[in-house]
Amino acid sequence: MVTYLFDLDGTLVDTCEGIYRGIKFTEKRLKLPSISSESLRQFLGPPLSESFRKYYNLEETAVEEAVTIFREYYGKYGIFECEPYPGIKEMLEKLHEQKIRLFVATSKPTGFAKEILTRFGMDIFFEDIIGSETNGQRNNKVAVIEYIIEKYMGTWVNEDVYMIGDRDQDILAAAKVGIHSIGVLYGYGELEELEKASSEFIIKTSRDLEKLLLRVYR
């Protein structure tokens, strides 16, 4: 049986607008210096705490405050400032019709991920939607994938489990856990980033992704 684990940001949904605005909201509230557009772009994918720590050089207590403020904005506004990538909903429907097991494995808090997917009518295609928790549990992609595997697949991982994502953290986490990886280029990651992480497949468009996932299944 084939199982697909999907990242959310940059893979299923283009969430950059809400994330960027949330970061700028946090900057203003905490009177932080503005960061470069390239640094801002690096917030798309990794856990928030890691990015605030790295790009704003914050101490741990300040990181926690920044994350709290960001989530205040994101929970009210950011979750509505996003759109699914073209063809993604239709692809998920086709995979679901084939009885393929589908999960979301995201660094975004589970609640936010569920709200976003429910808003677009995409939640119904997934066996479960798993992300980080606001109490610090599952605060990295490896922990999220391991949780899904332990809860739904037992301790043994078969060779037909694939992690699909747009950033190197998705690919590296898949390798660490021992499952296959598919990198996508229509999100926020770069070709060099995915190649360096040794992604098994690298896909340019959502249409190409659909073709690959249906081919792997067959």
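In the stretch 134-146, what residues are within 16 Å of Q169 (Cβ to Cβ) and not acidic (D, E)?
Taking the stretch 134-146 and keeping what is within 16 Å of Q169 (Cβ to Cβ), we get 138-146.
Residues satisfying the conditions are R138, N139, N140, K141, V142, A143, V144, I145.
Criterion first (touching a residue at least 24 places away in the same chain (Cβ under 8 Å), touching a strand residue (DSSP E or B) at 6+ places or on another chain (Cβ under 7 Å) and either over 25 Å from K94 (Cα atoms) or β-branched (V, I, T) (or both)) does I149 satisfy it? Even if it seems obvious, please write down each step before you answer.
Values: touching a residue at least 24 places away in the same chain (Cβ under 8 Å): yes; touching a strand residue (DSSP E or B) at 6+ places or on another chain (Cβ under 7 Å): no; either over 25 Å from K94 (Cα atoms) or β-branched (V, I, T) (or both): yes.
So I149 does not fit the description; no.
If I go through the stretch 189-212 residue by residue, how many of them are within 14 Å of L172 (Cβ to Cβ) and touching a residue at least 12 places away in the same chain (Cβ under 8 Å)? Explain how you work it out, then say what you get.
Within the stretch 189-212, the first condition is being within 14 Å of L172 (Cβ to Cβ), and the residues that meet it are 189, 193-200.
Right, trim to touching a residue at least 12 places away in the same chain (Cβ under 8 Å) and you get 189, 193-194, 196-200.
Qualifying residue count for the region: 8.
For the stretch 12-43, give me each residue that is of a type in the set (S, T, N, Q) and free of Cβ contacts under 8 Å to residues at least 40 places away in the same chain.
Filtering the stretch 12-43 for residues of a type in the set (S, T, N, Q) gives 15, 26, 34, 36-37, 39, 42.
Hits for the stretch 12-43 are S34, S36, S37, S39, Q42.
Against the definition (of a type in the set (G, A, S), within 20 Å of E190 (Cβ to Cβ) and at pLDDT below 95), how does S37 come out, yes or no?
On the way: of a type in the set (G, A, S): yes; within 20 Å of E190 (Cβ to Cβ): yes; at pLDDT below 95: yes.
Yes: the conditions hold for S37.
Can you list the helices (runs of 4 or more DSSP H) lying wholly within the stretch 37-83 that have 2 or more residues being buried (at least 17 other Cβ atoms within 10 Å of the Cβ)? Even if it seems obvious, please write down each step before you answer.
On the way: elements: 37-41, 48-56, 60-76.
Helices (runs of 4 or more DSSP H) meeting the threshold: 48-56, 60-76.
Each row is one residue, and each column tells you yes or no for (1) outside the structural domain of T134 (by the TED database); (2) among the charged types (D, E, K, R); (3) more than 24 Å from A143 (Cα to Cα).
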{"position": "L30", "(1), (2), (3)": "yes, no, yes"}
{"position": "R41", "(1), (2), (3)": "yes, yes, no"}
{"position": "Y56", "(1), (2), (3)": "yes, no, yes"}
{"position": "A66", "(1), (2), (3)": "yes, no, no"}
{"position": "G75", "(1), (2), (3)": "yes, no, no"}
{"position": "I88", "(1), (2), (3)": "no, no, yes"}
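Working only within the stretch 205-218, note down all residues that are closer than 21 Å to G45 by Cα and either crowded, with 17+ Cβ neighbours inside 10 Å or in contact with a helix residue (DSSP H, G or I) (Cβ under 9 Å, 6 or more places away or on another chain) (or both). Spell out the reasoning first.
Going through the stretch 205-218, the residues closer than 21 Å to G45 by Cα turn out to be 205-206, 209.
Residues satisfying the conditions are S206, L209.
The values are calculated or read from the model by the stated rules, or taken from the named source; none is laboratory data. All values reported here derive from a predicted model rather than from experimental measurement. Cβ sites come from the backbone with ideal geometry, for glycine too, and all protein chains shown count toward neighbours.
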